[in-house]
1. With +1 on each Lys and Arg Cβ and -1 on each Asp and Glu Cβ, and nothing else charged, work out how big the dipole of the chain is about its Cα centre, in Debye to the nearest 20.
2. Expressed in nm to one decimal, what extension gain is obtained for the pair D26 and D69 from 0.36 nm per residue of sequence separation less their Cα-Cα distance?
3. Rg(Cα) of the chain divided by 2.2 N^0.38 Å?
4. Compare the Cα positions of L73, P91, I24 along the charge dipole of the chain (+1 at Cβ of Lys, Arg; -1 at Cβ of Asp, Glu; about the Cα centre) and return the one farthest towards the positive end.
5. So how much slack lies between Q41 and K12, counting 0.36 nm per residue of separation and subtracting their Cα-Cα distance, in nm?
6. How large, in percent, is the carbon and sulfur part of the accessible surface of segment 34-115 at a probe radius of 1.4 Å?
7. Rolling a 1.4 angstrom probe over the protein heavy atoms, how many square angstrom per residue are accessible across the chain?
8. With a 10 Å radius around each residue's Cβ, average the other Cβ atoms per peptide and rank 61-73, 16-28, highest first.
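The values are calculated or read from the model by the stated rules, or taken from the named source; none is laboratory data. Keep in mind that this is a model prediction, so the values were computed, not measured. Here the Cβ positions follow ideal geometry from the backbone for every residue, glycine too, while neighbour counts run over all protein chains shown. The area values use the complete protein model at the heavy-atom level, side chains included, leaving out ligands, DNA and RNA. Shrake-Rupley method; radii C 1.70, N 1.55, O 1.52, S 1.80 Å.
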Amino acid sequence: MDEKKMARAEVKYARISPRKVGIICDMIRNKDVAVAKALMQHTPKAGCEYMIKLLDSAKANAENNFEMDPEKLYVAVAYATGGPILKRGMPRAQGRMYRINKRTSHITICVAERD
């Protein structure tokens, strides 16, 4: 089976939880690039800002580096994995402290041409 040629873009250490971005990844996976961008522009989720920029970057990589047709592109792979966690504290009663985890994400989008 021949490998599909894919263009990818990724953002590392994005200051958003991977769980929040994963919802958007599931929403746009296997959709055309134009449809995926339109979906994200009209979805009120915090991760959409990161994902729109990332999708534009992957599309540009496909056009410029792999000479792919921008009209035939679709989101082949989209996922978010956890990055390092910034550990912060919230003061509580009697001198105690509760931990607050500020999560980060590594987000990857790959686009490929439809046959």
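1. Details: 22 positive and 13 negative charges, 279 e Å.
Using only the charged Cβ atoms, the result is roughly 1340 debye.
2. Details: separation 43, 0.36 × 43 = 15.48 nm, distance 2.41 nm.
Gain on extension, D26 to D69, equals 13.1 nm.
3. Values: Rg = 17.3 Å, N = 115, 2.2 N^0.38 = 13.4 Å.
Dividing the Cα Rg of the chain by 2.2 N^0.38 Å gives 1.30.
4. Working it through, the farthest residue towards the positive pole turns out to be P91.
5. Details: separation 29, 0.36 × 29 = 10.44 nm, distance 2.17 nm.
Net length gain for the segment: 8.3 nm.
6. Values: 2560 of 5180 Å².
Reported share for carbon and sulfur atoms: 49 percent.
7. Numbers: 7590 Å² over 115 residues.
For the chain, the per-residue accessible area is 66 Å².
8. Working: 61-73: 14.3, 16-28: 17.8.
Averaged packing, sorted descending, gives the order 16-28, 61-73.
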